[in-house]
Structure formats: C-alpha cells, structure tokens
Amino acid sequence: MNPLACSLLISILAVRSGAYSHTEHASGKPTLSALSKYGGQVLSRNGGVEMVPVAEGWFPMGEDSWPDNKRHQVYLSTYWISVTPVTVGQFRTFCEKAPYAYDWAKNKPKWGWVNDHPMVNVSWKQCSDFCKWAGGALPTEAQWEKAARGPNAYTWPWGNRWDGTRLQWSEGGVYSGAGGTASVYAHTSGVSPYGCLEMAGNIWQRCSDWYAPDLASENLPDHDPMGPPLGKLHVCRGGSWVNINTPNFWTYYRNGGPIEEASDGFGFRLMIPQETSKADSLPQRKVPPPVEK
C-alpha cells in the first residue's frame, strides 16, 4: 500500500477511535458536530485542510435543460474533498513551509488578505502546486459536481429552491456589488449533502479538467472522467461574489477560466483520492432532504 493510502486509513481509524480532536474554531466557524450532523466525519490534515469523504458510486451529472452539460450517469471512485475552498491562511502556510514564492503585496485584493477567506489571485498552476504539496490535486469537474449536488442532483448545494442568503453573491443586479469575498464559514446554511461549504458563490473554483464547450461531444468515459486531453481554458465551477445571475450558482453550471490569469473571483479546493478498494471503510453520511422553502 502506498504512503497516501496508509495515511488515509490511519486517519479513518483515528476518527473512529476518537483519537482525532477537533480544534475549537473562532466565532462564526462551525464546529465538528455542526459539519457532521448527517453522520459523516471531518478530518484535519494536510496543513490544516479539513476533508470529507465522497463514497464511490454512480451519480446523475448535468441537466437536460442545460446544453453543454446534458444529464448523464457518471461513476466515481471514492475520494476526499475539502470542506471549504483553500483559504488565505492555508496558502500562506504552504508558502512558508514548502517554501513557495508568491508576491503577496502585488496580488493583494482590494479588501486585503483575510486568513479565513478563500485564497484568490492565484493561477491554475499555483492552485495545482498547493494541491500537490498537500498530497492531492484539484478535483475533476465530475468530482466537484458530485460533492456539490449529492446523489439526488440538487440544483443548488442546499436543495432545489433558490435562497440568496446561503451564499456570497452580488445581489441587487450590480456586478461586484458584494464588494469582495467572505469567510469560508459565513454561509453554513449552504452546506452540500456531502458536507462541503461554499460550493455556490464566493469564488469560482478551478478544476483539473480542460474546458470543453460541449461536454457530451467529447465522448468521455462514464467511469472517473478526466476531461478532454487538450484545451485553452480550465473548468471553473460554483460562481463567485462578483456574479448576479442565479444560474451561475447551479451545481451543474460550467465555466472556463484562463490558466495563467489570476483573478480576485477565482480560487480552488483540494481533492485527495482514496487509494483503497474498501469503500465501506469510510464513515457513511446520510444525505438530508433538499431545502424547499
């Protein structure tokens, strides 16, 4: 068994035995019990990035009403995904410990660097470099979508009815009206079925796949699709604080982002593959019903 697989199994056993203790968070940051109320577990590892498991299996990806991502069934192997987008504080730790060169003064957003806000103004390569250091990778867009919408194919991470209080966005029809990002723990009511926060709004989240305008035309495999082999843009998901249109926040909405461009509306989250065939070793999460009102 390779070292990553061994580490993940040790982490699972530690949680089950109670060996993992969850550090108390600052005001506004949810506790372990708040994030695991559906039966899952949250692990703290890889420089402080908290991960939740997504068990292997089929899920309905896309929607027939959306032309570039028609409804189709996709099978994904088990993986872990970060509870939140990677934060400023976590990226700063990476730069200090790796070490890794990053111009904090040049890339400072207008609202400044706030440790519990999502990291922004990073290129696709810089996001990938962090993920490699943390022992994983950027999620594929299929992995991102499953973690966002769950097995019941929610339209938004929390359910099938729009609720603008559950995310950071520019409500009121003025682009950039929100003024900037928010804490990754500011909208806990927007949690996805698998326990992920900020899967809608705050920042567009970079994925590992090249962007294809018409996903169906690529004839990708239905098991663990990795996206097309080449492209000019990489997939981004989730919508950001800048956006005003609610479709941007659909769990199946797709966008393409430049590889080298660093924007204050783009960030990322971490994915770690589960290097074992025993999916039943994972803590199981009961999926809650969608929010309908």
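The values are calculated or read from the model by the stated rules, or taken from the named source; none is laboratory data. Computed from a prediction, not measured in an experiment: that's the story for all the values here. Cβ sites come from the backbone with ideal geometry, for glycine too, and all protein chains shown count toward neighbours.
As a summary of the residue check, Phe91 satisfies the conditions (1) modelled with pLDDT under 95; (2) outside any loop (DSSP other than H, G, I, E, B) except for the one numbered (1).
Total residues in segment 180-191 satisfying the condition of being touching a residue at least 24 places away in the same chain (Cβ under 8 Å) and in contact with a helix residue (DSSP H, G or I) (Cβ under 6 Å, 6 or more places away or on another chain): the figure is 2.
The C-beta contact set for segment 165-179 (first residue at positive phi, second residue hydroxyl-bearing (Ser, Thr, Tyr), distance under 9 angstrom, 6+ apart or interchain) comprises Ser176/Ser170; Gly179/Ser170. Scanning segment 207-251 for residues that are among the aromatic types (Phe, Trp, Tyr), at pLDDT 95 or above and in a loop (DSSP other than H, G, I, E, B) gives Trp241, Trp250. Between Gly136, Gly150, the distinction of being surrounded by 20 or more Cβ atoms within 10 Å (Cβ to Cβ), modelled with pLDDT under 95 and within 19 Å of Gly62 (Cβ to Cβ) belongs to Gly150 only.
Quick check: is even one residue across segment 184-192 part of a strand (DSSP E or B), surrounded by 15 or more Cβ atoms within 10 Å (Cβ to Cβ), within 14 Å of the chain's Cα centre (by Cα) and polar (S, T, N, Q)? Please lay out each step first, then the result.
Kept after step one, since they are part of a strand (DSSP E or B), are these residues of segment 184-192: none.
Looking through segment 184-192, none of the residues is part of a strand (DSSP E or B), surrounded by 15 or more Cβ atoms within 10 Å (Cβ to Cβ), within 14 Å of the chain's Cα centre (by Cα) and polar (S, T, N, Q).
Among the residues in segment 92-109, are any within 15 Å of Val184 (Cβ to Cβ) and of a type in the set (A, V, I, L, M, F, W, C)? No. Return a yes/no flag: does segment 143-150 have any residue that is in a loop (DSSP other than H, G, I, E, B) and either basic (Lys, Arg) or more than 22 Å from Tyr211 (Cβ to Cβ) (or both). Yes, that holds for at least one residue.
Restricting the search to strands (runs of 3 or more DSSP E) fully inside segment 34-86 and requiring at least 1 residues that are in contact with a Ser or Thr (Cβ under 6 Å, 6 or more places away or on another chain) and at pLDDT 85 or above gives 49-54.
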